[in-house]
Structure formats: structure tokens, C-alpha cells
1. Computed from the coordinates I sent, Cα extents along the principal axes in Å equals one of (i) 44, 34, 26; (ii) 41, 33, 29; (iii) 108, 92, 41. Tell me the label.
2. At 0.36 nm per residue, and after removing the present C-alpha to C-alpha distance, how many nm does the segment from LYS88 to GLU51 gain when stretched out fully?
3. Need one word for the stretch 43-94: rounded, prolate or oblate. Basis is the Cα gyration tensor (sqrt eigenvalues a ≥ b ≥ c); a/c below 1.5 gives rounded, then a/b vs b/c decides.
4. Give, rounded to the nearest 20 debye, the magnitude of the charge dipole that the chain has about its Cα centre when Lys and Arg contribute +1 at Cβ and Asp and Glu contribute -1 at Cβ.
5. For a footprinting-style exposure proxy, rank ILE149, ILE40 by other Cβ within 10 Å, fewest first.
6. If we count other beta carbons within 10 Å of each Cβ, what is the order of TYR142, TYR25, TYR8, fewest first?
Amino acid sequence: MDLGVRTYYAVGLPDLSGEKMVAHYLDDPFGKDRWEELVIVRDAIEHMIQEGDHVFVEEPPLAGSKNVRVFGALNQMLGAILASSPCKAYPIAVGEWKKTIVGNGSADKDAVADWLSNANPQIFDLCDANQNLVDAACIALYGQHLTRIGNRAG
């Protein structure tokens, strides 16, 4: 999952059962108090994720935030998602998934999109040119990698 202050973008990859890939996102719940926004996120997560899934959520990078309030709001989203998940959920550092998946821990958005379009065009097409879904797909691929090697899984 890729986070925004009031949004999240998620891509679910198929497991060995042959389930279809899914892309899901939550639009900005503007016009609401912060606690209501987080309740909306909680409710969406509880309906989207099932027991037995593994959830990998990008951690908010301190350097990427415009200010401390934005960093705090992103961490609220992360906390709401982790606490609402009915399954194992893990925060993942940006540089960690980019280095493993793309080969460069500081890859920019264009490099990430180019990598996914070349490495897995089917998943790239699912993202419908939405960079947040592209990031979420790469985070999902990173999570799939971790579960295959036995790290953070089981």
C-alpha cells in the first residue's frame, strides 16, 4: 500500500490459488474531521483485507514530508491501517522496497514506473497509469519477495 494524508492505494497480487490481481484506492474523504477520516480508512481496510493476507505498507519518509504536520498525518494513516488489518501487516521503508525491486533505493517515480512496465506489464496495465498504484504494486511485489524468502511471513 502507498499512503497519502487522506488516501491509500493498494494492489493485491494473486497467490498460488490463482486469484485475480486487484487495485483499490480510497479517495480523499475531505470535509470531515480527522477522526472521521481515519474511521473511513478503518472501515475500508476491514472490508478489503482478509485473514490470511499479508499487508505491506510504505512508511512515511521524514525527508519526503513537507512539514512535521504532514509527516504526522501520514503516520496516522499508517497506524490506522496497521491497527485495522485483520491479518499480518508490516511497515516498509521506501528505500528498502525500491532497492530490492527496482535496484535503486532512491529511484524516482519515472524509474519505478519504467521498471514495472518492463518487468511486469500485466501489473503495470492494472495500475492504469496511476503512479500511486504503480508504487503500491511494487510494494506488493516486495512483500511477495519477503514471503517467498520466509522473512516477515508465516
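Read the figures in this text as sums done on the coordinates, not as results from a lab. Predicted model, so just to flag it, every value in this text is computed and none were measured. Quick reminder, even Gly has a Cβ in these numbers, built from the backbone with ideal geometry, and neighbours come from all protein chains shown.
1. Read-out from the structure maps to (ii).
2. Roughly 12.5 nm would be gained on extension.
3. Working: a/c = 3.73, a/b = 2.00, b/c = 1.86.
The shape class here is prolate.
4. Charge dipole of the chain: 440 debye, to the nearest 20.
5. On the way: ILE149 8, ILE40 16.
Going from sparsest to densest Cβ surroundings: ILE149, ILE40.
6. Working: TYR142 20, TYR25 17, TYR8 23.
Ordered from fewest to most neighbouring Cβ atoms within 10 Å, TYR142, TYR25, TYR8 come out as TYR25, TYR142, TYR8.
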